[in-house]
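For reference, the structure discussed in these notes is given below.
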Amino acid sequence: MVHELADYEREPESCLLTAEQLHAALFGPAPALFGHVAEVDGAVVGCALWFLNFSTWQGVHGIYLEDLYVRPEHRGHGLGRALLAELAAICAERGYARLEWSVLDWNAPSIGFYRSIGAVGMDEWTTFRLTGAPLAELGREAGV
C-alpha cells in the first residue's frame, strides 16, 4: 500500500521500500515505526504508519503520521477517520500532546477531510528535508 500511496502522490519512482524493510521496521528487535490497518471482510484496505515525535515546548511525545492510505474503492466509508481516531485515542491514553502529519498542497480531497475533523494547517511552518549527497556531505563534517 505504500507503493500505491506513492502512485497517488505522483512519485512512484521515489518509493524504494521493500516488504522486508517494512517488516524489519515494524517487527524488528527495537521498532521505531508503528502501524495500524483497516480491514474489510478480512482484507487489508487501509493503513496508518507512524512514529513518535517530541514537543520540547510541552515536554511530552506526540505521534507523527508518516502515511495514511485507504484504497480508492474503500474511501468515503469512514476508514481513514477510524485510523485517525485510533491514533488520537493512543495520544489521549498516553498523554501525548499532538497528532500531526504532512499533506501535499494539491491534495484538496485530503485537505478537506482533515479540516472536517478539526485539523489545522501549519501555514507558518515550512518543511525542510536533507537527503542524498547533501546529507552525506554534512555528516562527513562530524567525522563519522
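The values are calculated or read from the model by the stated rules, or taken from the named source; none is laboratory data. Small disclaimer: the values here were computed from a predicted structure and weren't measured. Glycine gets a Cβ as well: all are built from the backbone with ideal geometry, and neighbour counts include every protein chain shown. Please note that ligands, DNA and RNA were not included when accessible areas were found on the heavy atoms of the full protein model with its side chains. Shrake-Rupley method; radii C 1.70, N 1.55, O 1.52, S 1.80 Å.
Of note:
- If you check Ile90, Ile63 for being in contact with an Asp or Glu (Cβ under 8 Å, 6 or more places away or on another chain) and free of Cβ contacts under 8 Å to residues at least 40 places away in the same chain, only one passes: Ile63.
- Evaluation of Thr127 against (1) within 15 Å of the chain's Cα centre (by Cα); (2) surrounded by 12 or more Cβ atoms within 10 Å (Cβ to Cβ) (one fails), failing number: (2)
- In region 86-100, the residue that is farthest from Val120 (Cα to Cα) out of those that are outside any helix (DSSP H, G or I) and open to solvent by 50 Å² or more (accessible area, probe 1.4 Å) is Arg98.
- Selection count where residues are open to solvent by 60 Å² or more (accessible area, probe 1.4 Å) and either touching a Ser or Thr at 6+ places or on another chain (Cβ under 9 Å) or touching a residue at least 60 places away in the same chain (Cβ under 8 Å) (or both), scope region 5-17: 2
- Residues in region 31-52 that are closer than 23 Å to Glu100 by Cα, open to solvent by 50 Å² or more (accessible area, probe 1.4 Å) and assigned to a loop (DSSP other than H, G, I, E, B): 2 in all.
- Yes/no for Val103 being in a loop (DSSP other than H, G, I, E, B), modelled with pLDDT of 95 or more and within 17 Å of Leu5 (Cα to Cα): yes
- Leu68 at pLDDT 95 or above, of a type in the set (A, V, I, L, M, F, W, C) and touching an Asp or Glu at 6+ places or on another chain (Cβ under 6 Å): no
- Screening Ser55 on (1) among the polar types (S, T, N, Q); (2) in contact (Cβ under 8 Å) with a residue 24 or more places away in the chain; (3) open to solvent by 60 Å² or more (accessible area, probe 1.4 Å) shows it passes everything except condition (3).
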